[in-house]
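The values are calculated or read from the model by the stated rules, or taken from the named source; none is laboratory data. What you see is a predicted model, and the numbers here were worked out from it, not measured in a lab. A quick note on method: Cβ atoms are made from the backbone with ideal geometry, for glycine too, and the neighbour counts reach across all protein chains shown. Accessible surface is based on the protein model in full, side chains and every heavy atom, while ligands, DNA and RNA are left aside. Shrake-Rupley method; radii C 1.70, N 1.55, O 1.52, S 1.80 Å.
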Amino acid sequence: MKSAYALAAVVALASFGMAAPADLGVWMAIGDSISHGTHSHSYRWFLQKDCIDNGVSFDAQGYLKGCYSGAFSQASYRGREFDNEHCAQFNIWTDEVSGTRFRRLTSVSGLQSSNIKNWLGVSDRLTPDNKGNVGTYTGNTYSPDTYTYMLGSNDLNGFRETSWENIRAAVAENVQAMAQNAAHRGKPATLYLMSVTATDKSDALAKNIVEFNTWLSKEFAPTAGDPHLRVVYADVNPGLQDVTKPAGYAVAQMFAPDRIHPTDQAALLVAGNLARAMGIPGRTAGLERRAASAFDTPSYKAPSVRCQNLQPVVDGLSFRNDAETAMWIPWSTPVDDAAGYTAEFEISFGNGDKDGWDTERKVTVLVGNGLSMGCLVVNEAYITWGDTILCSRDMSVRCTIRVACVPAGDGIPGGFYVWLDGHLIGEALPAVQECNLCNGVMLGQHADFPATLHAAASDSRGAFAPMP
């Protein structure tokens with residue numbers, strides 16, 4: 001068993017009436033290339049960072065080690081190496097995992113005929129090959145406490161080779177093998193059944209993904225559990241799903257040129273959504289958690305804050321529609337570059353899709369120390385860092401955004417970190433400009449569009465993570 005981290009926080013999983021686990025225990029990730037790691041990106045690495053930041057222990061196990069292509073640029077985080085064992089294979093289909101069908105393509109590690117029943121010790125009978133030959137499995141077996149399961153992308157993309165009946169039957173068979181393993185060992189396990197990630201590839205694939213995820217969440221997951229296996233559906237698409245496009249479509253920028261495999265930014269969001277389903281709080285990036293109410297400038301009502309054309313309303317300040325508006329929050333004390341600095345604001349913007357999505361008019365947030373600065377841009381559908389889209393969201397829904405400039409250290413890359421409602425959506429982002437124009441926090445709107453600032457705060461004494 002690998003080294004463990006003690007639990008730092010317990011958060012209720014209200015929808016299932018249970019508390020967050022003290023640890024994940026033995027964790028098996030089952031999936032295709034998105035889980036395996038393609039072009040150096042996999043949610044598994046980011047989920048491990050979530051666990052490390054929150055003191056949740058885990059021991060990743062599986063018959064495979066490493067990524068399908070590329071290697072993670074960061075081999076360790078806060079003193080712990082990436083635990084890169086799993087049961088995810090590139091190009092694998094759901095019925096190949098269940099053992100219903102022999103692998104269509106050559107498998108890695110020569111395990112073309114093994115299946116989930118073999119890995120979990122439920123059966124030693126290998127999947128019959130294309131000539132009907134059946135062998136005996138002699139590899140390692142595992143007994144997980146926690147499963148993360150995301151399969152279906154290849155099935156849905158190559159739908160002509162399968163059917164809804166085949167896919168659903170294979171999912172049920174895979175889950176049954178997990179339940180049998182848990183029953184045999186006499187200790188319950190938990191399965192986090194992940195949605196298939198949205199796509200930017202085609203209307204047909206997007207439609208299939210929506211139909212599959214709807215079945216998974218509404219029909220299968222609520223009835224799949226038993227006394228030995230708790231089943232929790234985890235929607236990993238918030239932030240990836242492009243709110244300006246039809247359901248099932250992702251933000252194009254967040255995916256590789258093949259338009260199926262997530263980039264690091266998308267993998268970060270997938271892991272954050274999965275951690276939320278697990279009841280694990282948002283990432284800290286190794287920082288102390290501190291509420292905005294404890295900042296040295298806890299409110300935009302502080303005497304040092306200057307406003308231009310902002311009008312008081314019941315729940316905050318309204319950016320006027322007929323004039324350039326701005327707010328300037330100077331640092332209360334000189335910034336210590338070795339400690340970093342933090343800004344937080346609560347905002348709502350526009351009216352969603354009521355009049356069509358407007359992505360041209362925006363609120364710009366500059367955060368800097370007089371030498372360099374970060375630039376966060378909010379429009380009706382996206383939160384961006386410079387030209388990089390961090391997530392897609394209906395910004396008419398009130399939300400809290402925190403930006404912290406984090407010095408490098410303790411195995412943590414330096415740069416700007418961004419949280420949305422307590423969950424990390426931007427990691428080690430670069431300063432977008434070298435300048436001396438911003439020494440503090442500046443919010444500005446340069447076009448006539450309804451936006452309300454509900455709260456704003458800053459702290460020059462250091463970089464701080466949000467409260468859980």
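Let me check against my output: what whole-number percent is the relative contact order of the chain, with C-alpha pairs under 8 Å and at least 6 apart?
15 percent
Heavy atoms of the protein only, probe of 1.4 Å, neighbouring chains included. What is the accessible area of Ser163 in Å², nearest 10?
Counting only protein heavy atoms, Ser163 exposes about 30 Å² to solvent.
Set Lys and Arg Cβ to +1 and Asp and Glu Cβ to -1, take the dipole of the range 303-375 about its Cα centre, and tell me which of Val365, Gln311, Gly352 lies farthest positive.
Farthest along the dipole direction, towards plus: Gln311.
Could you tell me which of the pairs Lys218/Lys362; Lys65/Lys201; Lys49/Lys187; Lys65/Lys245; Lys187/Lys218; Lys49/Lys117 are separated by over 32 angstrom between their Cα atoms in the structure shown?
The answer is Lys218/Lys362; Lys65/Lys245.
For the range 164-291, rounded, prolate or oblate, judged on the Cα gyration tensor with a ≥ b ≥ c (square roots of eigenvalues), a/c < 1.5 rounded, else prolate if a/b > b/c?
Here the range 164-291 falls in the oblate category.
Here are some values of Kirkwood radius over Cα pairs in Å: (1) 23.5; (2) 24.3; (3) 26.4. Which one was computed from this structure?
Computing Kirkwood radius over Cα pairs in Å and matching it to (1) 23.5; (2) 24.3; (3) 26.4 gives (1).
For the range 393-411 and the range 289-307, compute the distance between their C-alpha centroids and round to whole Å.
So the separation of the two Cα centres works out to 16 Å.
State the percentage of accessible surface on the chain attributable to carbon and sulfur atoms; use a 1.4 Å probe and exclude ligands, DNA and RNA.
Values: 9360 of 18450 Å².
Taking all protein chains in place, the chain shows 51 percent carbon and sulfur surface.
If you line up the long axis of helix 264-278 against the longest principal axis of the chain, both from Cα atoms, how many degrees apart are they, to the nearest 10?
The two axes meet at around 80 degrees.
When only the heavy atoms of the protein chains count and the probe is 1.4 Å, how do Asp83, Asp235 rank by accessible area, highest first?
So, going from the largest accessible area down, we get Asp235, Asp83.
To the nearest 0.05, how large is the calculated FRET efficiency for Asp226 and Trp164 if R₀ is 22 Å and r is the Cβ-Cβ distance?
It comes out at approximately 0.40.
Please list, in chain and number order, the residues 5+ apart from Ser372 or on another chain whose amide H is under 5 Å from its amide H, with Hs placed from the backbone.
Long-range HN contacts for Ser372: Cys435.
Amide H to amide H, which residues 5 or more places from Ala60 or on other chains are under 5 Å from it, using H placed in the peptide plane?
Trp27
With every protein chain left in place, what is the accessible area per residue of the range 297-409 in square angstrom, probe 1.4 Å?
Solvent-accessible surface per residue comes out at 43 Å².
Angle, helix 203-214 long axis vs. longest principal axis of the chain, Cα atoms, 0 to 90°, nearest 10?
Once rounded, one gets 80 degrees.
How big is the antiparallel share of DSSP beta bridges in the chain, given as a percent to the nearest 5?
Looking only at bridges with both residues in the chain, the antiparallel portion is about 75 percent.
Determine the sum of side-chain charges near Pro188: Lys and Arg each +1, Asp and Glu each -1, restricted to other residues whose C-beta is under 11 angstrom from that of Pro188.
+1
Sum -39500 (n - 2.57) across every DSSP H segment of at least 4 residues in the chain, then divide by the residue count to get the 222 nm mean residue ellipticity, nearest 500.
Taken over the chain, the calculation gives -5000 deg cm²/dmol.
Kindly report, to the nearest 10 Å², the accessible surface of Lys117 as traced by a 1.4 Å probe over protein heavy atoms only.
Around 40 Å² of this residue is reachable by solvent.
Once ligands and nucleic acids are excluded and a 1.4 Å probe is used, how much of Asp203 is accessible, expressed in Å² to the nearest 10?
Asp203 exposes around 110 Å² with every protein chain in place.
What does the charge add up to near Asn213, with Lys and Arg as +1, Asp and Glu as -1, over the other residues with Cβ less than 14 Å from its Cβ?
Net local charge, Asn213 excluded: -1.
When the solvent-accessible surface of protein heavy atoms is calculated with a 1.4 angstrom probe, in what order do His228, His86 fall, highest first?
Correct descending sequence by accessible area is His228, His86.
Treating only the Cβ of Lys, Arg, Asp and Glu as charged (+1, +1, -1, -1), what charge dipole size does the chain show about its Cα centre? Round to the nearest 20 debye.
About 860 debye.
Which of Tyr68, Met442, Val270 sits closest to the plus end of the dipole of the chain, meaning its Cα is farthest towards the positive end, when Lys and Arg get +1 and Asp and Glu get -1 on the C-beta?
Tyr68
Give me a comma-separated list of calculated 3J(HN,Hα) values for the range 368-378, in order, Karplus coefficients 6.51, -1.76, 1.60 applied at θ = phi - 60°, integers in Hz, x for any Gly or Pro.
Here the 3J(HN,Hα) series is x, 10, x, 10, 9, 8, x, 10, 9, 10, 10 Hz.
Just need the relative contact order of the range 330-401 here, percent rounded to a whole number, with Cα pairs under 8 Å and 6+ apart.
Normalised by residue count, the contact order of the range 330-401 is 32 percent.
Roughly what angle does helix 43-53 make with the longest principal axis of the chain, taking Cα atoms, 0 to 90 degrees, to the nearest 10?
60 degrees
To the nearest 0.05, what FRET efficiency results for Asn309 and Ser76 with a Förster distance of 60 Å applied to their C-beta separation?
On the way: r = 49 Å, r/R0 = 0.81.
E(calc), rounded to 0.05, equals 0.80.
I want the local charge near Asn115. Using Cβ-Cβ distances under 10 Å, sum +1 for each Lys or Arg and -1 for each Asp or Glu among the other residues.
Overall, the nearby charge balance is +1.
Which order do Val335, Val171 take when ranked by solvent-accessible area (1.4 Å probe, heavy atoms of all protein chains), largest first? Present the calculation step by step, with values, prior to reporting the outcome.
Values: Val335 35, Val171 0 Å².
The ordering from most to least exposed comes out as Val335, Val171.
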